[in-house]
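Read the structure below first, then the notes.
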């Protein structure tokens, strides 16, 4: 019931806003739909925590401790993003960057995007998971090109083609998985249900499954933004409107990684070797290192934080690749704190760029003087994402590092160097933007800065103290990932 | 599975060969209009082979997916593409980034690679169509190649759609098709994707006065 609400509300919101998304109160309606979805997700979460995994609609949907936490996170960040986008999009409209028609498109697609992500998270059918991931790309393509500038059109085209090709690989992987599954489960249409596959995973044909996992990892990995499949990501983040960058970075990447993790559980069961984990560790480390070194060359602030997302996705992929309860726990925690921190940073960056009238680092100066809340938000958010204690990112990165020292000692120096390089690159640039003198214009509407600090406060809390039920919940999910 | 139906499985193999031939034809075809027709033809071959497989194996749900292929890939998508190029007035010949003989040679190499890759899988698959899995994978890679070597937006999209065709063929030959609900979802995605691309073409045209995606090369790492 709550699950139906979680899925139906954003779908309904998308349809309603497709008609009324340009009206005066559309931004409020958008926020209201997001809030209602969030409330439904909280009730759903409470139910799962109390009663354990849920299977609904003839097992087509399956919610357990792993995906319910992502559902809660997704709806929460979706809600705060809708709060942020209200003044942000209004200012963009007054700056003449948006017409009412495009605002309507934005509101409608935002809700539909939430729907596709929630569908991808809650479905039990790996085929539907693929369909939802592809639909998530489709709903955001037109959002990336919302401003219709040459650069944004190029970014959207790249996004569509690269993710389309990538996700086609994942479809081939799914077909191979089905091939292995139907030999065990028969052709009753249940052979793609994850719960069914999980029960018989040790009987699945290992050669087919290892090939399937390669295709699935490459396919969904394109959407995670793993190097060398990451080319679309910085462009799409930099050229799209900031609320879209925030949800792409904070949520979509997580959902794609979730798909990879689900497939990894099956592959591990069938192969009884570290094949899947090794692949993920390799891709993760490569992404981390490449992104860290690209960071210092970025001139566009949104592009820089997009590379930072690639870097963090690399860390998380590495953690899940290592496996084991501790590493998976750290990976899940890092997913949470990264998504909260990165969306907070994009909120702050969005307002900063609006003030300066440019996204270039060199054009943004003296934010703390001009607008203390935006400036401090950006500075604190950056410190948090760089893994400074006492923020939550420190806790999860520390955990990943110490686990790596025990399980994969060779990787530790690589991790440390990459994190150090990333620190130097981001901190140097953020410091220029935050301090110094400035003559930036005041904004016509007060910025929605509350979400930034709510997110950062949560990240801070997760760094100092993880509530016991949350820790238990992560532990359950981590056990399950293995 | 049974040797009692050698004719039907031979027909399936023949259709698979035609599909591969069409993939090569698309790779070398430079006129957009002919490219769309080839795409429609590929859809028709796909539909036919799905019907033959359905008849041979008695998998009734394959009739539905054949019907869906007919409606979507033979009729609707080519129609949309035809309308689109008429409205956008793009009739010119497509210049490739690589010349045709080289493309063909790369294509042949890809086919050999695909056959080798598919060999272990097709031994596991229990379908009568398993021999065609290599061809399906080859067609996927050839559409991939087509997307890489074309510089115009419309041929790239046709390459994308033809990759979808090839994947569908792979699903039919490896497992007699995916569950119906998944196939419906995929078809919906393809359709919505096509509509969004249609909108997108107009946006690109409006901005650059051309559909040459070489205009879309401003965003680079420097």
Which listed residue is surrounded by 24 or more Cβ atoms within 10 Å (Cβ to Cβ), touching a helix residue (DSSP H, G or I) at 6+ places or on another chain (Cβ under 7 Å) and at the interface with chain B (Cβ under 9 Å from one of its Cβ atoms), from A:159, A:178 = A:178
How many residues, within region B:172-202, are under 16 Å from the mean Cα position of the chain (by Cα), more than 17 Å from residue B:66 (Cβ to Cβ) and within 7 Å of chain A (Cβ to nearest Cβ)?
-> 2
Select, from A:216, A:171, the only residue that is assigned to a helix (DSSP H, G or I), touching a helix residue (DSSP H, G or I) at 6+ places or on another chain (Cβ under 8 Å) and within 8 Å of another protein chain (Cβ to nearest Cβ).
-> A:171
Considering only region B:170-184, how many residues are under 12 Å from residue A:171 (Cβ atoms) and surrounded by fewer than 23 Cβ atoms within 10 Å (Cβ to Cβ)?
-> 1
Test: residue A:319 is over 17 Å from the mean Cα position of the chain (by Cα), more than 18 Å from residue A:80 (Cα to Cα), in contact (Cβ under 8 Å) with a residue 60 or more places away in the chain and assigned to a helix (DSSP H, G or I) | no
Hey, residue B:111 hits all of (1) at pLDDT 90 or above; (2) closer than 22 Å to residue B:43 by Cβ; (3) surrounded by fewer than 16 Cβ atoms within 10 Å (Cβ to Cβ) but one; which does it fall short on?
-> (3)
Modelled with pLDDT of 85 or more, more than 10 Å from every other protein chain (Cβ to nearest Cβ), surrounded by fewer than 24 Cβ atoms within 10 Å (Cβ to Cβ) and in contact with a helix residue (DSSP H, G or I) (Cβ under 7 Å, 6 or more places away or on another chain), is that true of residue B:167?
-> no
Only one of A:42, A:49 is modelled with pLDDT under 90, assigned to a helix (DSSP H, G or I) and touching a helix residue (DSSP H, G or I) at 6+ places or on another chain (Cβ under 9 Å), namely A:49
Considering only residues that are within 7 Å of chain B (Cβ to nearest Cβ) and at pLDDT 90 or above, look in region A:126-144 and name the one that is nearest to residue B:121 (Cα to Cα).
-> A:127
For residues that are part of a helix (DSSP H, G or I) and within 22 Å of residue B:122 (Cβ to Cβ), tally how many sit in region A:174-196.
-> 12
Residue A:148 meets each of (1) over 19 Å from residue A:309 (Cβ atoms); (2) crowded, with 22+ Cβ neighbours inside 10 Å; (3) within 11 Å of chain B (Cβ to nearest Cβ) with one exception, condition (2)
Identify, from the list B:7, B:21, B:62, B:72, the residue that is at pLDDT below 90, over 16 Å from residue B:154 (Cα atoms), part of a helix (DSSP H, G or I) and out of contact with any helix residue (DSSP H, G or I) (no Cβ under 9 Å at 6 or more places or on another chain).
-> B:7
Would you mention how many residues in region A:354-364 are within 12 Å of residue A:301 (Cα to Cα), touching a helix residue (DSSP H, G or I) at 6+ places or on another chain (Cβ under 8 Å) and not in a helix (DSSP H, G or I)?
-> 3
Out of all the residues in region B:128-137, is one or more surrounded by fewer than 23 Cβ atoms within 10 Å (Cβ to Cβ), at the interface with chain A (Cβ under 10 Å from one of its Cβ atoms), touching a residue at least 12 places away in the same chain (Cβ under 8 Å) and under 14 Å from the mean Cα position of the chain (by Cα)?
-> no
Could you list, in sequence order, all residues of region A:207-222 that are over 29 Å from the mean Cα position of the chain (by Cα) and buried (at least 17 other Cβ atoms within 10 Å of the Cβ)?
-> A:208
Take residue A:314 and decide whether it is within 14 Å of chain B (Cβ to nearest Cβ) and in contact (Cβ under 8 Å) with a residue 60 or more places away in the chain.
-> no
Filter region A:241-276 for residues that are farther than 21 Å from residue A:132 by Cα and buried (at least 23 other Cβ atoms within 10 Å of the Cβ); the one that is modelled with the lowest pLDDT is A:270
If you check every pair at least six apart or on different chains, which have Cβ atoms under 7 Å apart with a residue in region A:188-212 that is within 10 Å of another protein chain (Cβ to nearest Cβ) first and a residue that is assigned to a loop (DSSP other than H, G, I, E, B) and surrounded by fewer than 15 Cβ atoms within 10 Å (Cβ to Cβ) second?
-> A:193/A:59
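The values are calculated or read from the model by the stated rules, or taken from the named source; none is laboratory data. No experiment lies behind these values; they were computed from the predicted model shown. So basically every Cβ, Gly included, is an ideal-geometry build from the backbone, and we count neighbours across all protein chains shown.
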